[in-house]
Every structure is written in structure tokens, then in C-alpha cells.
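Report on one structure; see the data block that follows.
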Amino acid sequence: MSESDAPFSQFKDIVQSEEELRGLIGPTFPPAAQKVIHHIDEIAAAYIANATFIVVATSDGDGQVEISPKGDPAGFVKVLDDTHIAIPDRPGNRRLDTFHNLFQNPHLAVIFLVPGTGETLRVYGEARLVRDPDLLEQMAVQGRAPLVATVLHVERVMIHCPKCIARANLWGTPADTAADLPHIGQVMAVHAKLTGTPEEQFKTAEDAGMPVMY
């Protein structure tokens, strides 16, 4: 066992190479290997125009990975041309994890989800933070334009099959267990070591100018 495997010492059979993994899983299905394109075509643009939820992935200079969910009305991500898309930044918790990473490693990946649709779209490329007023105004919601947008220079695009969405029943009836999950106020009390009731926490967040949804 290598030194890097030390945190996994409880496991007896760790896959050690891509060759070993390929021998276990088998060859790539040819259409899956051929489906990557290098621009936003009409099909990809349609998925982007109808997506209401995306997940953005970045990593810093040391390879530490960050993922960030974003949601807005359909069309909130703008296709600027066949190799550029723009993602608005809405008010949030101001951690800026994604932006922090982009200054160290500009590569970014996005997955687009369209409600009721099993297929998802994956887009990869290199990003910059942009403040051009004419661009930001195009992404205003309820009269409020974002302060900054992430513009991605598209390098790879691929559609993903619906199996994961179907297996998760993502657009189906919510699981009964959802009602048993801790409320965000309860979670913050534990993870951020906050005191006071959830209502007091929300009031503190609002007073600090943080967007809060009940």
C-alpha cells in the first residue's frame, strides 16, 4: 500500500491503476467516447436555455475541489456565442469559494439540469470573472443585475444519459424522509456553532444583507 493510501488502510482491495480499472469495467461504449463536441451547438444551447439548476465544479492550485449549486429561472445562463457562456453570480453567503479557485486554476466544469428531463449537459472550459455592464444587464432578475459574471470559454461539451436521474427519481414524488431532515437553521447551529433560535439566525443573516429564503 502506498503512503497516499494510508487513510484507506481499512480496505483490503484498492484499485491501483487505470489499467486495472479498465480490465474490471471493460471498454468504453464507442458512441459514448465519440459524443464530445467542442462548441455550443443548437442542441446544447436548448438545454442551457431551459436549465433552472446547475452545479459548478472548480479546484484550487493544490487540487482541492469545490462544487457550487446555482438556480434561477430558465435561461439564467446565457449563451454568448458558440464558444462562450456566462453564469451570473447572485447574492449569497460571500464565501467566494469558486472565485477563489478560479484565480488559482481557471478551469471550470458545469452540469445543467432541466426539470422533468433525464438527460443532463456537461460543459467544460476556462473561465474569467467579467463585469461588463451590458452583459450583466442581460442577466438581471427582478430588476437586479449581478455584480459579476463567470464567462466560460467552452472547450468540451457532452450530453449525459438519463440513468442517474431515473435511478434517483429526481423529478418524482419527494421521499417521505425529506420531512425528517434537519432544517437549515438547525444545521447551522451545529456546524457553525451558532446560538439562538433559527428565527434569530435568519434575522441576523438578513441584517447582514444576506439573502434568506424560509
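The values are calculated or read from the model by the stated rules, or taken from the named source; none is laboratory data. Treat the numbers as computed from the prediction; the structure is a model and nothing was measured. Glycine also receives a Cβ, built like all others from the backbone with ideal geometry; neighbour counts cover every protein chain displayed. Side chains are part of the model used for accessible areas, which takes the heavy atoms of the whole protein and leaves out ligands, DNA and RNA. Shrake-Rupley method; radii C 1.70, N 1.55, O 1.52, S 1.80 Å.
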Restricting the stretch 51-81 to residues that are acidic (Asp, Glu) and loosely packed, with under 15 Cβ neighbours inside 10 Å, which is nearest to the chain's Cα centre (by Cα)? ASP62
Going through the stretch 96-105 one residue at a time, which ones are free of Cβ contacts under 8 Å to residues at least 40 places away in the same chain and more than 15 Å from the chain's Cα centre (by Cα)? PHE103
Among helices (runs of 4 or more DSSP H) lying entirely in the stretch 1-108, which contain 3 or more residues that are over 21 Å from ILE159 (Cβ atoms) and modelled with pLDDT of 95 or more? 18-25, 97-104
I want to confirm something. Restricting to the stretch 119-162 and keeping residues that are polar (S, T, N, Q) and open to solvent by 70 Å² or more (accessible area, probe 1.4 Å), which single residue is nearest to the chain's Cα centre (by Cα)? GLN138
Options GLY118, GLY63: the member that is of a type in the set (Gly, Ala, Ser) and touching a residue at least 12 places away in the same chain (Cβ under 8 Å): GLY118
Those residues of the stretch 3-46 which are open to solvent by 50 Å² or more (accessible area, probe 1.4 Å) and hydroxyl-bearing (Ser, Thr, Tyr), in sequence order: SER4, SER9, THR28
